[in-house]
Structures are given as structure tokens and as C-alpha cells.
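In what follows, a structure is listed as C-alpha cells, so that the remarks can point back to it.
The values are calculated or read from the model by the stated rules, or taken from the named source; none is laboratory data. Remember, predicted model here, so these are calculated numbers, not experimental data. Cβ sites come from the backbone with ideal geometry, for glycine too, and all protein chains shown count toward neighbours. Side chains included, ligands, DNA and RNA excluded: accessible areas come from the protein's heavy atoms. Shrake-Rupley method; radii C 1.70, N 1.55, O 1.52, S 1.80 Å.
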Amino acid sequence: MRPEIHVSGDDVEMVTQLKNYLTKRLKYLLDMPGTIGIGVSGGSMPPIFTKALFACDADLLNWKRIRIFMVDERYVDKDDEQSNLGTYLKLFPPELAYVFVPIPICNDLSLTARLYEDNLRRILLPEQSGTSPRFDLLFLGCGPDGHTASLFPGDRAEHVTEYGWVGVVQDSPKPPKTRITLSFASLKFAKHSAFIITGAPKAHVVRAIWDRDNTLPASMARPYNDRLTLFVDEAAAKSLPSRDSSEESDSRSPQPFD
Ligand code: 6PG
């Protein structure tokens, strides 16, 4: 199944599209039992995701059940300006800091990854497929090199944890060099994933995702159940096939829920 595509002319339109998507997902997930786990990425995503989330109806923002976690993180303390978690904490009301799954950054990288995996297991209690987690909702970005999360071309992620939910990277081509990242398995078993991608330098990656061309990590991260949505600006959408009505209808066919 082709991914659902939403092309926006500007940030305001993208925030509205994201808010509508979040509203649909949260309405469904709130009817289900358990903690709602939402994975988010760093880079340019924090402000646009945060705006869209807080644009949702207040009654959907059930902070007793919603927990947010980092799809990947730089191996820095959360007070460091490079910290993804730190960036979100600055954007969220301070009284909501508890909704974020902590990443216990310590001076042992592998131990940090194991402790983060433990927190994800203990706090989110996600459904599992074998030993892999089925996270409710993941928001991913990508780089012009086709990386997503901190999974870069050339498979640099080392597996240092018991269940392989999280890996570590020590030679990231994108600074900083050392990172913790969800593994491919954790991305691929997600229940719903959405990419937020802007800018012409990434148009070929958007096309690779559309074409299932599994040569790039971003395309390889497509969930097994194909429940994938792309939020792209016009520049990032420029290499997509012109979506005539038939293709439009195919890519827009309502996605079955979990
Ligand atoms: C990170 C990110 C990373 C990001 C892409 C896109 O920690 O660097 O999580 O995977 O999503 O690099 O970044 P931009 O949106 O800033 O281009």
C-alpha cells in the first residue's frame, strides 16, 4: 500500500495537517486500553510537532495516558543544546516534563542504551511482536543522505541491549557523533509511522520511501503493516509521481486501524 501523502504549502498548513492526523490517532488510541506511546525525532521536528499537538482538543491530551519518547537522542545531557529531549522540554509547559520517558545519560554508552530500553519497556508496556515493541505512533525525520532516527546509511548502529529495541552509534556522520537510536525492528513493528520532511535536498528520499526502494534507512524504516503517512512540503514532494486521481485515491484510501 502506498503511504498516505499530505503536501503543505507552508508551516501553518503542515501544522494543521499534523493536528488532524494526531486528532484521528489519539481519538482511536484513547478508546484502546493502556499507555499511549508517541515517539518523536529531533532536528527541525520539535517546534512543528509541539505546535500540532497543542493545537489538538484539550480533551484528547490525556496526560495520564500519553507518554512521549525520543526515537533517537544525542549522547549529551538534556541541558545540552544538542539534546532532543532538552529541546522538547523547553517547548512543553514545565509541569508536563513527566510525560517524557527519561533517557538516563550516564558515562557508559551501552548502559545508557540498556537503561533507556528498560524505561521504554517499563513505562510504555507496548504490545510486542516476538521481542520487538509495537509502538503506537512514531514521528520520523530524515536527512538528505537518507538516514532516519540515528540509523545512517552503512548500518552503523551497534546492538548492545537485551531486546534490541535500542542501538548506539559512535560515528554518526551528522554531529554529534555519539547517539542512541531506536533499532530498525522497533521502527518496522510500529503500529503507525509518519515522516515529517521538508526541503528539496530530501526529495529523492521521499521518492525512495514512495517507491519502497530499500537502499536508504528512511525507506527501510517503513512499518511492516504499511501504515505510513508522509507530511511533506512542496519542495520535498517534487520528485513524487504526479498524483492523478487514481493514484491520489490509492494513496488516500483510509488506513485500517490496528
Ligand atoms: C536527530 C534526529 C534526526 C533528524 C533528521 C532530520 O537527532 O538528529 O532525530 O534523525 O530527524 O536528521 O533532521 P532535520 O529535520 O533537522 O533535517
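Worth a mention:
- One residue alone among Val160, Val166 is in contact with a strand residue (DSSP E or B) (Cβ under 7 Å, 6 or more places away or on another chain) and crowded, with 22+ Cβ neighbours inside 10 Å, and that residue is Val166.
- For the range 169-185, a tally of residues being open to solvent by less than 50 Å² (accessible area, probe 1.4 Å) and closer than 26 Å to Asp80 by Cα returns 9.
- Meets criteria (more than 22 Å from Phe195 (Cβ to Cβ) and either within 12 Å of the ligand (Cβ to nearest atom) or open to solvent by 40 Å² or more (accessible area, probe 1.4 Å) (or both)) for Leu115: yes
- All positions within the range 186-214 that are β-branched (Val, Ile, Thr) and either open to solvent by 10 Å² or more (accessible area, probe 1.4 Å) or modelled with pLDDT under 95 (or both): Ile196, Thr198
- Restricted to the range 50-67, and to residues there that are of a type outside the set (Lys, Arg) and over 20 Å from Gln17 (Cα atoms), the residue that is least open to solvent (accessible area, probe 1.4 Å) is Ile66.
- Listing of strands (runs of 3 or more DSSP E) fully contained in the range 105-214 that carry 2 or more residues being within 17 Å of the chain's Cα centre (by Cα): 132-134, 137-140, 166-169, 179-182, 193-197
- Of the residues Pro153, Pro126, the single one that is modelled with pLDDT under 95 and closer than 17 Å to Ile68 by Cβ is Pro126.
- Among residues of the range 215-237 being out of contact with any strand residue (DSSP E or B) (no Cβ under 9 Å at 6 or more places or on another chain) and farther than 23 Å from Gly130 by Cα, the one that is surrounded by the most Cβ atoms within 10 Å (Cβ to Cβ) is Ala235.
- Residue in the range 93-104 that is modelled with the highest pLDDT, counting only those that are open to solvent by 10 Å² or more (accessible area, probe 1.4 Å) and part of a loop (DSSP other than H, G, I, E, B): Pro93
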